[in-house]
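Chemist: The structure is given below, and queries will be raised subsequently.
We did not get these values from a lab; they are worked out from the coordinates using the rules stated. Just so you know, these numbers come straight off a predicted model, no measurement behind them. Heads up, the Cβs are rebuilt from the backbone with ideal geometry, glycines too, and the neighbour counts pull from every protein chain shown.
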Amino acid sequence: MNEAGGSRKKRRGGRRPRIWMLLFGIAVGFLFAEAVVRIGGFDWRYIRKIAFYQDVDLPSHEAVADPNIRFRFKPGTAVDYGRYKVTINSLGFRSPERPAAKPAGVYRILCVGGSNVYGANLNDDETWPAQLEKKLNALPGGGCYEVWNLGVSAQGGRQHAALAAEAIERIHPDLVIVSPSNSGIMPFLKGGPVETYFERDPLLWRNIVVGAELPLPPLLSVDAKAWLARHVRLYRLALLAWVDKKVAKPTEVGGGQYEDQNVKAVRKLLIDYRRQTRFAFFLCPHQFCQEPDGDHKRRYTSATNAPVLSLEAADKPPEYREIHPPAYVMTWYADNIADWLRQQGLAPACAGPAVLAPAAAVR
């Protein structure tokens with residue numbers, strides 16, 4: 001009995017070193033693989049492949065460090081793109097050169113949105129913000145209006161909110177018109193940095209984890225998986241490879257999560273600045289502005305007291321429903337917006353300094 005028992009103890013004791021050696025080998029193998037991924041940058045190759053880029057009129061734009069903005073107009077640039085010219089003033093708006101300090105008697109309107117506001121494929125004076133300024137100043141009691149264009153192609157709600165907040169502090173508009181048209185993920189500027197935004201914005205990893213529905217490791221929460229994706233490069237590579245293989249449209253990974261953040265950012269903007277300016281929403285006739293996915297854009301406006309102009313073009317030719325319509329359609333936009341602003345009391349007749357009561361609180 002003693003000999004048999006001793007034999008069993010020896011066998012058990014012999015297994016322990018093997019287990020420890022196996023665990024040690026796994027740990028060494030993991031560290032080696034982690035080092036290979038880090039040195040080779042294989043994870044970032046997938047990131048660049050999955051990323052969604054803004055690649056229109058690049059010379060007029062610049063990348064910025066703020067993860068809530070990523071890119072904006074490049075101040076003081078004038079670029080001839082052949083069919084149209086784009087001029088950005090020294091303050092970073094597609095508007096005429098003007099001082100940041102608002103002169104007495106001037107009524108300032110700030111227009112924020114995507115490429116429809118920016119005026120893709122149009123000259124500076126053909127965009128609807130530029131034509132809105134002309135229309136308002138031509139109306140009885142006009143002559144004091146400035147309309148500033150801060151529409152940037154491909155930008156969404158978080159970017160609109162961040163740029164608008166900065167502009168409100170800088171130029172003190174009397175009215176901010178928000179025109180949401182893009183939904184889902186926030187794009188990067190083509191040719192600009194990508195890695196730095198993932199390092200500064202943990203939500204990026206969380207959104208990818210949610211969108212990818214990665215099953216491993218089991219029993220871990222979304223936040224735990226997002227932490228692994230942010231800090232463990234080998235796990236990050238596995239996640240991105242899964243996305244590239246399993247998700248039909250990699251550029252839309254986590255799109256729903258992004259849109260929740262877009263809506264939240266715009267609503268917060270209206271709350272934070274309700275005592276400094278008034279707000280209104282303009283929804284262009286294109287489906288991106290109206291209802292791209294189940295009454296989508298109404299989410300921006302439903303919990304606010306801000307008035308909404310939803311411009312319809314069902315009885316118009318097809319070009320009136322394009323996201324980048326020709327200049328004469330933008331003239332139609334401007335006519336409708338100007339008349340609506342007057343009806344809403346948001347464009348009072350010029351009679352000395354323009355003073356408005358604080359906007360109604362956002363519910």
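Chemist: Can you find, among T331, F281, V194, the residue sitting farthest towards the positive end of the charge dipole of the chain, where Lys and Arg contribute +1 and Asp and Glu -1 at Cβ?
Modeler: Checked the options; the winner is V194.
Chemist: Another question about this same structure. Take each complete run of DSSP H in the chain, measure how far its Cα atoms stretch along the helix's own axis, and keep only those covering 27 Å or more with mean Kyte-Doolittle hydropathy at least 0.5; list them.
Modeler: Helix filter hits for the chain: none.
Chemist: Here's another thing I want to ask about it. Net charge around A167, counting only other residues with Cβ within less than 14 Å of its Cβ (Lys, Arg = +1; Asp, Glu = -1)?
Modeler: Net of charged neighbours comes to 0.
Chemist: What is the sum of charges, Lys and Arg at +1 and Asp and Glu at -1, for the other residues whose Cβ falls under 11 Å from the Cβ of T196?
Modeler: With Lys, Arg at +1 and Asp, Glu at -1, the neighbours total -2.
Chemist: Note down the net charge around E62, summing +1 for each Lys or Arg and -1 for each Asp or Glu among other residues with Cβ under 15 Å from its Cβ.
Modeler: Overall, the nearby charge balance is +1.
Chemist: Just how far, in whole angstrom, is the stretch 255-288 from the stretch 149-177 if you go by their alpha carbon centroids?
Modeler: So the two Cα centres are separated by 10 Å.
Chemist: Using the Karplus curve 6.51 cos²θ - 1.76 cosθ + 1.60 with θ = phi - 60°, work out ³J(HN,Hα) for each residue of the stretch 55-67 in order, rounded to whole Hz, and write x for Gly and Pro.
Modeler: Residue by residue, the stretch 55-67 yields 10, 9, 6, 4, x, 8, 10, 9, 6, 10, 6, 4, x Hz.
Chemist: Going by a ≥ b ≥ c, the root eigenvalues of the Cα gyration tensor, does the stretch 83-124 fall in the rounded group (a/c under 1.5), the prolate group (a/b larger than b/c) or the oblate group?
Modeler: Prolate shape, in that a/c is at least 1.5 and a/b is the bigger ratio.
Chemist: Report, please, the projected area of the stretch 71-222 averaged over directions, based on the convex hull of its C-alpha atoms, in nm².
Modeler: 11.4 nm²
Chemist: Given R₀ = 56 Å, FRET efficiency for A224-A104 by Cβ-Cβ distance, to 0.05?
Modeler: It comes to 0.45.
Chemist: Please find the FRET efficiency linking R38 to V79, where r is the Cβ-Cβ separation and R0 is fixed at 35 Å, and quote it to the nearest 0.05.
Modeler: 0.35
Chemist: Given the options F198, F93, F73, which has the most mean-square fluctuation in a GNM of the chain, springs set between C-alpha atoms less than 10 angstrom apart?
Modeler: F198
Chemist: Okay, moving on. Quick one: dipole size for the stretch 137-215, taken about the Cα centre, charges +1 on Lys/Arg Cβ and -1 on Asp/Glu Cβ, in debye to the nearest 20.
Modeler: With Lys and Arg at +1 and Asp and Glu at -1, about 120 debye.
Chemist: Separate question: For the chain, the longest stretch holding no GluC sites (Glu not before Pro) located in a DSSP loop with at most 13 other Cβ atoms within 10 Å is which?
Modeler: Here the longest run is 98-212.
Chemist: Starting from the alpha-carbon convex hull of the stretch 127-183, give the projected area averaged over all orientations, in nm².
Modeler: Dividing the Cα hull surface by four gives the mean projection, 4.2 nm².
Chemist: To continue, here is another question. For the stretch 24-96 and the stretch 187-204, what is the separation of their Cα centres, given in Å?
Modeler: Distance between centres, Cα-based: 6 Å.
Chemist: Still on this structure: Any idea how far apart K245 and K264 come out in nm if each label point goes 7 Å out from Cα toward Cβ?
Modeler: Result: 3.2 nm between the two label points.
Chemist: Something else about it: Could you give the dipole magnitude of the stretch 29-103 about its Cα centre, charging the beta-carbon of Lys and Arg +1 and that of Asp and Glu -1, in debye to the nearest 20?
Modeler: 200 debye
Chemist: Something else about it: Just going by the charge dipole of the chain, with Lys and Arg at +1 and Asp and Glu at -1 on Cβ, which of L309, V64, V112 is farthest out on the positive end?
Modeler: Farthest towards the positive pole: V64.
Chemist: At 0.692 mPa s and 37 °C, plugging the Kirkwood radius over alpha-carbon pairs of the chain into Stokes-Einstein gives what diffusion coefficient in µm²/s?
Modeler: D, rounded to a whole number, is 142 µm²/s.
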